[in-house]
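Report on the structure given below.
The values are calculated or read from the model by the stated rules, or taken from the named source; none is laboratory data. This one's a predicted model, so the numbers in the text were calculated from it and none came from an experiment. All Cβ positions, glycine included, derive from the backbone under ideal geometry; neighbour counts span all protein chains shown. Areas reflect the complete protein model, heavy atoms only, side chains present, ligands, DNA and RNA absent. Shrake-Rupley method; radii C 1.70, N 1.55, O 1.52, S 1.80 Å.
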Amino acid sequence: MSAYRALLDRYVELYNAGDLDGVIDLYADDAVQGMPDGIFEGRSAIHDRLARELEAIPDVTHTVVSFIEQGDAFADEWTFVGTQTGPFLLPNGTVLPPTGKRVEVRGMEIVRVGPDGKIVLNTLYYDNLAVAEQLGLVPEGAMA
């Protein structure tokens, strides 16, 4: 197994266990995470974003579907499945109270790793509209 695949597997193991401190240890101090809802710079900002995500969907299961690496980077496809039982911060700054709705999202990310083996750039892509529909923020079938 490559060092990058081992890093990804460790990340997923820690994330699924809700070990946020363990996940954050995998990032460089000046790491940047790009998401559909914004750019988060530094471990503290990334920690806060992940904490909100895990508070909203504490039973999350993140599964790697495919993986490829080249040079100092890797990319993977993933699925994210869980139930929104906590408050969910929306991109407009409002908070969606717990809905009890199940969310299943497919996405991908590109990760660049520094010479010390820490994540320096993590850019994720997924369908925000599908998440909104599953949480009942968009009328069912409106995307069809």
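Observations, loosely collected:
- So Ala130, is it over 21 Å from Ala17 (Cβ atoms), at pLDDT 95 or above and either surrounded by fewer than 13 Cβ atoms within 10 Å (Cβ to Cβ) or out of contact with any Phe, Trp or Tyr (no Cβ under 8 Å at 6 or more places or on another chain) (or both): no
- With respect to the conditions (1) in a strand (DSSP E or B); (2) over 25 Å from Ala6 (Cα atoms), Asn92 falls short on a single one, namely (1).
- Candidates are the residues of segment 24-48 that are of a type in the set (D, E, K, R) and touching a strand residue (DSSP E or B) at 6+ places or on another chain (Cβ under 9 Å); the one that is surrounded by the most Cβ atoms within 10 Å (Cβ to Cβ) is Arg43.
- Any hit, segment 104-127, residues being part of a loop (DSSP other than H, G, I, E, B) and in contact with a Gly (Cβ under 8 Å, 6 or more places away or on another chain): yes
- Applying a threshold of 8 Å to beta carbon distances and a minimum spacing of six or more residues, or different chains, the list of pairs starting in segment 122-140 at a residue that is within 30 Å of Ala28 (Cβ to Cβ) and ending at one that is open to solvent by 80 Å² or more (accessible area, probe 1.4 Å) and modelled with pLDDT under 95 reads Asn128/Pro91.
- Residue match in segment 15-36 (condition: within 14 Å of the chain's Cα centre (by Cα), closer than 24 Å to Leu137 by Cβ and of a type in the set (A, V, I, L, M, F, W, C)): yes
- Looking only at residues in segment 64-93 that are touching a Phe, Trp or Tyr at 6+ places or on another chain (Cβ under 6 Å) and open to solvent by less than 70 Å² (accessible area, probe 1.4 Å), the one that is nearest to Val105 (Cα to Cα) is Val64.
- Scanning segment 38-76 for residues that are acidic (Asp, Glu) and either modelled with pLDDT of 95 or more or over 17 Å from Tyr126 (Cβ atoms) (or both) turns up Glu41, Asp48, Glu55, Asp59, Glu69, Asp72, Asp76.
- Test result for Val60, among the β-branched types (Val, Ile, Thr), touching a residue at least 12 places away in the same chain (Cβ under 8 Å) and within 28 Å of Ser2 (Cα to Cα): yes
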